[in-house]
Ligand SMILES: *[C@@H]1O[C@H](CO)[C@@H](O)[C@H](O)[C@H]1NC(C)=O
Ligand SMILES: *[C@@H]1O[C@H](CO)[C@@H](O)[C@H](O)[C@H]1NC(C)=O
Ligand SMILES: *[C@@H]1O[C@H](CO)[C@@H](O)[C@H](O)[C@H]1NC(C)=O
Ligand SMILES: *[C@@H]1O[C@H](CO)[C@@H](O)[C@H](O)[C@H]1NC(C)=O
Ligand SMILES: *[C@@H]1O[C@H](CO)[C@@H](O)[C@H](O)[C@H]1NC(C)=O
């Protein structure tokens with residue numbers, strides 16, 4: 001019907017206005033579902049075989065994601081993080097195929113395995129129609145080559161020449177792992193699968209990357225970026241890059257070191273909170289771990305990161321780390337860990353498959369096809385996530401200060417801890433499911449005296465004492481998430497039989513879009529009034 005350029009122009013006219021760029025504040029209320037495009041859903045829902053261990057493409061597509069947005073939104077997520085979209089190297093390497101999308105061959109071409117430009121636009125449109133955000137994963141540190149001896153002419157200009165890349169040396173072979181120059185300028189990968197490291201000191205290369213990200217964000221209405229391998233590029237590259245992107249930037253700085261990670265919170269909007277993750281793993285998933293280490297590291301991050309832990313990506317699983325259920329079979333430990341990101345100061349991120357109880361270990365086993373469990377919504381972990389998303393939304397609606405009040409770590413014992421983030425008081429333990437009543441959480445004077453509270457995970461009522469403190473025994477190692485009944489909306493999604501809060505129902509529209517409608521209406525009024533404000 002229309003030529004491709006005509007379609008593009010129509011799209012720009014119909015969809016690009018208003019051009020809405022989501023910033024860090026817009027993202028702070030959100031909750032992200034991270035998925036691997038190749039493994040989330042096939043276009044026609046055929047349950048094609050998928051052996052995660054084989055590291056081959058399995059057939060998931062952008063169309064498949066569109067078909068299952070009810071599933072994602074039904075759990076309470078309002079943002080989706082998808083795999084990198086650029087064309088990758090084709091064929092089998094020593095590490096299998098590029099199904100994950102991290103091995104760019106051509107920035108300007110889409111990965112044909114995931115669909116067409118129309119499909120990707122359709123995904124963006126479908127998300128926005130639901131008031132949801134789209135996050136792209138992007139890689140700008142390196143590209144990838146099939147041959148041990150890189151043939152640079154296989155890349156498109158300006159990358160079709162060795163001079164666009166740093167000189168070959170491998171980060172993994174650097175004698176000094178703390179040599180930051182080597183981290184930034186040597187190559188990831190190895191001799192069998194080299195990942196040529198873009199010379200991000202070269203102004204031609206930098207200009208191309210800035211132009212690319214700007215156009216990508218504009219073209220697909222991207223609301224935010226998860227940026228791969230951030231610590232492998234000089235820090236002062238990032239502010240200009242972020243500016244060119246014009247949307248929320250969330251960087252991956254894979255390190256178990258708060259002070260090191262904190263440097264990148266100065267140059268990007270936020271980072272994935274890896275230092276917390278490593279402590280969580282040690283404590284939440286191991287009955288021998290102690291909670292003081294969690295409190296110490298998180299408090300340190302709250303002090304060292306530019307914006308504290310606010311807007312950091314808070315997670316307990318992702319595609320690079322073993323799944324919770326591969327590290328422990330104890331369902332209470334898993335519930336405690338899964339609860340944590342929702343009461344963290346940052347933006348909760350759940351990695352697809354966690355809700356279905358997937359147990360894959362380290363990469364590639366943690367990248368299972370989700371179609372094997374048919375998107376069941378009645379599973380208990382799905383309900384757990386739905387409840388935590390709903391409870392967090394209730395907390396935000398009840399008190400906007402929830403988003404700006406740092407977590408406080410209270411009643412820290414070896415095997416239990418409370419986190420206060422009003423109106424939530426979350427109670428954690430790592431005694432495990434076999435212990436009927438292992439600990440007592442005792443928190444002083446935190447609520448109004450004799451306040452009626454409810455554990456939103458079970459809808460059990462708890463009374464604060466005369467001084468507003470709580471003294472609650474654990475049951476079979478499960479976490480509890482206490483909120484005042486008055487903070488929960490009557491007829492809402494959380495414990496409706498106990499909730500006593502009265503609030504106007506939220507319109508479900510992001511505030512900015514409402515604001516835009518007001519601006520449009522006022523402008524129209526202004527025009528009708530012949531250019532005079534009345
Ligand atoms: C569904 O798509 C797959 C490829 O992903 C294809 O092999 C299969 O034939 C399709 N099935 C139907 C019923 O169209
Ligand atoms: C490099 O790739 C180009 C384009 O695919 C090809 O023409 C050329 O023969 C290759 N060079 C080598 C040394 O393999
Ligand atoms: C920078 O990259 C461009 C594009 O590949 C290349 O032409 C140029 O020689 C490079 N400049 C330097 C100083 O290496
Ligand atoms: C750090 O690594 C770079 C790149 O490999 C190397 O040139 C430099 O000599 C190293 N510095 C030290 C102090 O080892
Ligand atoms: C992370 O670092 C802390 C302290 O520096 C250490 O105790 C802990 O074992 C580390 N965790 C991992 C997974 O390396």
Cβ-Cβ under 6 Å pairs, at least 6 apart or on other chains, the range 269-281 side without any contact (Cβ under 8 Å) to a residue 40 or more places away in the chain and within 14 Å of residue 324 (Cα to Cα), far side within 8 Å of ligand 5 (Cβ to nearest atom) and not in a strand (DSSP E or B): 278/256; 279/293; 279/297
field: Only listed residue being within 29 Å of residue 329 (Cα to Cα), at pLDDT 95 or above and in contact with a strand residue (DSSP E or B) (Cβ under 8 Å, 6 or more places away or on another chain), chosen from 423, 484, 473
entry: 473
- request: Name every residue in the range 166-180 that is in contact with a strand residue (DSSP E or B) (Cβ under 9 Å, 6 or more places away or on another chain) and outside any loop (DSSP other than H, G, I, E, B), in order of residue number.
  value: 170, 171, 172
query: Restricted to the range 181-190, and to residues that are in a helix (DSSP H, G or I), free of Cβ contacts under 8 Å to residues at least 40 places away in the same chain and surrounded by 14 or more Cβ atoms within 10 Å (Cβ to Cβ), which residue is farthest from ligand 5 (Cβ to nearest atom)?
result: 185
field: Residue count for the range 191-224, restricted to those that are part of a loop (DSSP other than H, G, I, E, B), surrounded by fewer than 17 Cβ atoms within 10 Å (Cβ to Cβ) and free of Cβ contacts under 8 Å to residues at least 40 places away in the same chain
entry: 2
- request: Answer yes or no as to whether residue 266 is surrounded by fewer than 23 Cβ atoms within 10 Å (Cβ to Cβ), touching a strand residue (DSSP E or B) at 6+ places or on another chain (Cβ under 8 Å), touching a residue at least 24 places away in the same chain (Cβ under 8 Å) and within 30 Å of residue 399 (Cβ to Cβ).
  value: yes
message: Against the conditions (1) within 16 Å of ligand 3 (Cβ to nearest atom); (2) within 20 Å of residue 245 (Cα to Cα), where does residue 80 fall short? Just the number, please.
response: (1)
- prompt: Which of the residues belonging to the range 375-402 are out of contact with any helix residue (DSSP H, G or I) (no Cβ under 8 Å at 6 or more places or on another chain) and either touching a residue at least 24 places away in the same chain (Cβ under 8 Å) or in the same structural domain as residue 48 (by TED's automatic domain parsing) (or both)?
  reply: 387, 390, 393, 397
query: Can you find a residue in the range 138-149 that is within 16 Å of ligand 4 (Cβ to nearest atom), buried (at least 20 other Cβ atoms within 10 Å of the Cβ) and part of a loop (DSSP other than H, G, I, E, B)?
result: yes
- prompt: Which members of the range 431-446 meet the condition of being assigned to a loop (DSSP other than H, G, I, E, B), surrounded by 15 or more Cβ atoms within 10 Å (Cβ to Cβ) and out of contact with any helix residue (DSSP H, G or I) (no Cβ under 6 Å at 6 or more places or on another chain)?
  reply: 431, 435, 438, 439, 446
message: One residue is enough: does the range 178-201 have a residue meeting the conditions modelled with pLDDT under 95 and within 15 Å of ligand 4 (Cβ to nearest atom)?
response: yes
- prompt: Restricting attention to the range 292-314, which residues are touching a residue at least 40 places away in the same chain (Cβ under 8 Å) and either within 16 Å of ligand 1 (Cβ to nearest atom) or out of contact with any helix residue (DSSP H, G or I) (no Cβ under 6 Å at 6 or more places or on another chain) (or both)?
  reply: 292, 295, 299, 302, 307, 310, 312, 313
message: Within the range 455-467, does at least one residue satisfy the condition of being in contact with a strand residue (DSSP E or B) (Cβ under 9 Å, 6 or more places away or on another chain) and over 21 Å from residue 391 (Cβ atoms)?
response: yes
- line: So the helices (runs of 4 or more DSSP H) completely within the range 276-378 holding 1 or more residues that are at pLDDT 95 or above and in contact with a strand residue (DSSP E or B) (Cβ under 6 Å, 6 or more places away or on another chain) are 291-304, 331-343
field: Failed item in (1) in contact (Cβ under 8 Å) with a residue 60 or more places away in the chain; (2) farther than 22 Å from residue 143 by Cα; (3) crowded, with 24+ Cβ neighbours inside 10 Å, with residue 36 passing the rest
entry: (2)
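The values are calculated or read from the model by the stated rules, or taken from the named source; none is laboratory data. Because the structure is a prediction, the values reported are computed rather than measured. No Cβ is skipped: glycine too gets one built from the backbone with ideal geometry, and neighbour counts run over all protein chains shown.
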